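Have a look at the structure below before the remarks.
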Amino acid sequence: MTSVIGRRVLRVEDRRFLTGEGRYVEGLELPNALHLTFVRSPYPHARVLGIDAAAALEVPGIQVFTASDIGLTVFPPPPIPIIDKEKARPFVAGDVVRFAGEIVAVVAADDRTAGADAAELVFVDYDPLPATPDPRRALAGDVLLFPEHGTNICMREGPEQLDETLFDGCEVVVSGTVVSQRMAPVPMETRSSAGFVGEDGRLTMYLTTQTPHQDRAGLARFLGLEPTDIRVVAPDVGGGFGAKTLCVEDVLVAWVARETGCPVRFTESRSENLTGMVHARDALLGVTVGGSKDGTIEAYRLEILQNAGAYASIGAFLPHLTGLMASGVYAIPRIEVQSRAVVTNTTPVSAFRGAGRPEAAQAIERAVDLFAAKLGVDPAEVRRRNFIRPDAFPFTTASGATYDCGDYKGALDLALDAADYDGLREQQRRRRENGSTRQLGIGLSTYVEITNGFPEGEYADVEITADGGAILRTGSFSHGQGHETTFAMIVAHTLGLPVESVRVVKGDTDTVARGTGTYGSKSTQIGGAAAALAAQQVVEAGRRLAADHLEIGVDDIVLDLEEGRFHGVGAPSQGLSWVELADRLDTEGRLGELHVEHDFEPSSPTFPFGAHVAVVEVDTETGDVELLRIVAVDDAGTLINPVVAHGQVHGGVATGVSQALYEEVVYDEDANLMTANLVNYAFPSAAELPSFDVVEMETPTPVNALGAKGIGESGTIGATPAVQNAVVDALSPFGVRHVDMPANGERVWRAIQAAEPASPPVPPR
Ligand code: MCN
């Protein structure tokens, strides 16, 4: 039988997106809506002595709400025990603002530009306080954001005192610091929400989000409503990258809609997005690795200092995932992870493509390269010596994760072959010998990550329609990943229907009974698995009903998946297609019997893995870095659709490369944001990136029947350390052993100037 699973089906949703037919929150008609403008603090830290809205209120049609009017208290972090709930963000700042961009008042206007002008007339009397964006200063308590608590620490995990014996017996010990710099998620569609209270008193909210059902639960909790009092609709979403979940602004839109009885909407500008949407990463990763002279790693220490931004939320939790994945793809007997998160006067930090796992890979992959350089052994060889062996799974690491399955050496071998590693090293040697000013750098990364890390389950329902097609309602959400295609393929495969006969419905809490939404690249392995299981139960129901109609014993009925037709075993002439069966059942009023709901609960997360090889050319006179090639092997188990999965790898790799070379949110030392627009926040375009070489590898997981792991974040996790390692590799003859990210021209040039040339230059192998 030829299955559609694994076929390169083009994305059905792309026609809509590419022809401008996508339906986004900002494009929704909402007659007579009030537009919200948020008055945001220009100060990173200040006492708010008073707010005078009189001048704004003189403008016709303007309403102004402050913290005391709104009465909502804090936007609590998710209920994760390690996050300090005392340092939660207020919906609207009251007495103190703690980052530039924090909301101090809400202006509602019947005209968007009038609202923006009126917001300028709201006078806020600020008394500036000392501020810092620096987690080290925050850890030292130089500036306290919550003086009543006496510390800026908002999460700690791991031992208070480091183990002095950890590296006992190691012949070689190296250490360094990896700065996983702050990034901005920069979705193409900025945040936008709209809401109104209907005549029945129910609140309808249109959100640009990844998690409609969770958002409905959050709105209900904050507004004191029952979830059934609220409908959340997430139409098309122009990218989320992990950062689009219910936000303060969404709740304020809902609050004003209920308060005024008017429809209300808000869409942020790009600068507001770069200031007010969550930021990401911003972790200082102290690494120490020790082992024997033959390259065997015996001990690894990771010290994480996470900048959580002004308030404790998901940012404070990210080090937990980093710590869990600290061991990477290596069998390291002794691992110590010490994590701290602190609040600083910066935009709050949250999840962004990879969320905690890129940091783990960046740390261990730089550490392994530092170790290899110290030994003078090829970095590929050191990796091979330490990989967890393919026959060792399930494997529990010393940092506490139990990996399902993997073949890390296999992935590296594929990547090295595809890149022609030996040929590249030869080219590199020639350039080094002839003193070229354009040096070649070759960087490796071998990684493993965790998807559906918590792990959560997911809901699906599959219904056969009167025309013999099917509808899948899924609790997962697609904000660009292509579920309308891949989830339809999963159901089509199970039912034996053409892909175009399956319609995927998502993102409306009135239509889809429940769901957890999408983050952590969990959708296919749980939402897809739920869809497959629901469809399988529909097939079983179909067999029973077809047996009745054909007057054949149910045990003798089979579904021919090629034809989408039930018939007797060995008697294909007598049968019923889905169309015929649906038609008969519809006539009898029994079509509902072909409608099944299923909640899939996975036993564990899955652990996608891979290997990346990056090749860069560094201009040693200017520091300019050009990425020449990236070879990516990303194993996500069984691929539902290689064209979609590879598209995910491409997008992910672009983000990963961009962290290594371009993007960086910069604050000055007083915590003023210097990168609040796309002129000075270095966001890459296709012009900065080469074509990527994607090499297929599939190691099915036993965790779900599809054999699928997540792929949405893999490229991001694998690419960054490969590119960073490549830049350092290019500069190693100059004696450079590390360059911070983003390794832009200025940083690389400075590293070359500051380096003491190794004498004689040490080739990497
Ligand atoms: N897929 C597949 N075979 C697999 C695994 C996945 O064919 N073995 C397909 C899926 O069916 C789906 C896509 O690849 O169409 C991604 O699936 P999956 O890895 O399950 O990830 P999710 O759907 O849960 O997506 C979330 C993930 C995350 S966490 C971020 S962040 C992210 C991402 O995916 N943000 C994105 N990809 C993005 N892509 C776009 N265009 N925009 C974003 O905001």
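Look at residue 476 and say whether it is in contact with a Phe, Trp or Tyr (Cβ under 8 Å, 6 or more places away or on another chain), on the phi < 0 side of the Ramachandran plot and in a loop (DSSP other than H, G, I, E, B). Step through it out loud before you land on a result.
On the way: in contact with a Phe, Trp or Tyr (Cβ under 8 Å, 6 or more places away or on another chain): yes; on the phi < 0 side of the Ramachandran plot: yes; in a loop (DSSP other than H, G, I, E, B): yes.
For residue 476, the condition - in contact with a Phe, Trp or Tyr (Cβ under 8 Å, 6 or more places away or on another chain), on the phi < 0 side of the Ramachandran plot and in a loop (DSSP other than H, G, I, E, B) - is met.
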### Query
Of everything in the range 572-589 that's modelled with pLDDT of 95 or more and in a strand (DSSP E or B), which residue is least open to solvent (accessible area, probe 1.4 Å)?
576
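Being free of Cβ contacts under 8 Å to residues at least 40 places away in the same chain, more than 29 Å from residue 366 (Cα to Cα) and in contact with a Ser or Thr (Cβ under 8 Å, 6 or more places away or on another chain) narrows it down to one residue among 219, 246; which is it?
Criteria check complete, one pass: 246.
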### Message
Condition (residue is open to solvent by 10 Å² or more (accessible area, probe 1.4 Å), within 26 Å of residue 672 (Cα to Cα) and within 16 Å of the ligand (Cβ to nearest atom)) applied to the range 313-321: is it met by at least one residue?
### Response
yes
### Selection from the range 219-232 of residues that are farther than 16 Å from residue 518 by Cβ and open to solvent by less than 40 Å² (accessible area, probe 1.4 Å)
219, 220, 222, 223, 225, 230
### Message
Can you go through 494, 485, 518 and tell me which one is β-branched (Val, Ile, Thr), buried (at least 24 other Cβ atoms within 10 Å of the Cβ), touching a residue at least 40 places away in the same chain (Cβ under 8 Å) and within 13 Å of the ligand (Cβ to nearest atom)?
### Response
518
### Message
If residue 672 meets every condition in (1) within 13 Å of the ligand (Cβ to nearest atom); (2) modelled with pLDDT of 95 or more apart from one, which number is that one?
### Response
(1)
### Message
Here's a check for you: in the range 698-746, which residue that is within 13 Å of residue 623 (Cα to Cα) and touching an Asp or Glu at 6+ places or on another chain (Cβ under 6 Å) is surrounded by the fewest Cβ atoms within 10 Å (Cβ to Cβ)?
### Response
745
## Note on the structure
Those residues of the range 145-175 which are under 32 Å from the mean Cα position of the chain (by Cα) and either surrounded by 17 or more Cβ atoms within 10 Å (Cβ to Cβ) or closer than 14 Å to residue 305 by Cβ (or both) amount to 145, 146, 151, 152, 153, 154, 155, 156, 157, 158, 162, 174
### Task
Within the range 451-470, identify whether any single residue is crowded, with 20+ Cβ neighbours inside 10 Å, assigned to a helix (DSSP H, G or I) and of a type outside the set (Phe, Trp, Tyr), and answer yes or no.
no
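Looking at the range 547-555, is at least one residue in contact (Cβ under 8 Å) with a residue 24 or more places away in the chain, away from the ligand (no atom under 16 Å from the Cβ) and either in contact with an Asp or Glu (Cβ under 7 Å, 6 or more places away or on another chain) or assigned to a helix (DSSP H, G or I) (or both)? Can you show your working first?
So the first thing to find is which residues in the range 547-555 are in contact (Cβ under 8 Å) with a residue 24 or more places away in the chain, and the list is 549-550.
Add one more test, that the residue is away from the ligand (no atom under 16 Å from the Cβ), and what stays is 549-550.
Within this subset, residues satisfying the condition of being either in contact with an Asp or Glu (Cβ under 7 Å, 6 or more places away or on another chain) or assigned to a helix (DSSP H, G or I) (or both) are 549-550.
Yes, there is a match, as at least one residue in the range 547-555 is in contact (Cβ under 8 Å) with a residue 24 or more places away in the chain, away from the ligand (no atom under 16 Å from the Cβ) and either in contact with an Asp or Glu (Cβ under 7 Å, 6 or more places away or on another chain) or assigned to a helix (DSSP H, G or I) (or both).
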### Query
Of the conditions (1) open to solvent by 10 Å² or more (accessible area, probe 1.4 Å); (2) more than 16 Å from the ligand (Cβ to nearest atom), residue 613 fails just one. Which one is it?
(1)
### Query
If you check every pair at least six apart or on different chains, which have Cβ atoms under 6 Å apart with a residue in the range 336-356 that is within 9 Å of residue 315 (Cα to Cα) first and a residue that is open to solvent by 10 Å² or more (accessible area, probe 1.4 Å) and away from the ligand (no atom under 16 Å from the Cβ) second?
348/313; 349/282
## Note on the structure
Among residues of the range 246-256 being more than 15 Å from residue 190 (Cβ to Cβ) and open to solvent by 10 Å² or more (accessible area, probe 1.4 Å), the residue nearest to the ligand (Cβ to nearest atom) is 246
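The values are calculated or read from the model by the stated rules, or taken from the named source; none is laboratory data. Worth saying up front: this structure is predicted, and the values here are computed from it rather than measured. Every residue, glycine as well, gets a Cβ built from its backbone with ideal geometry; the counts of neighbours run over all protein chains shown. Each accessible area value is taken on the protein alone, full model and side chains, heavy atoms only, with ligands, DNA and RNA left out. Shrake-Rupley method; radii C 1.70, N 1.55, O 1.52, S 1.80 Å.
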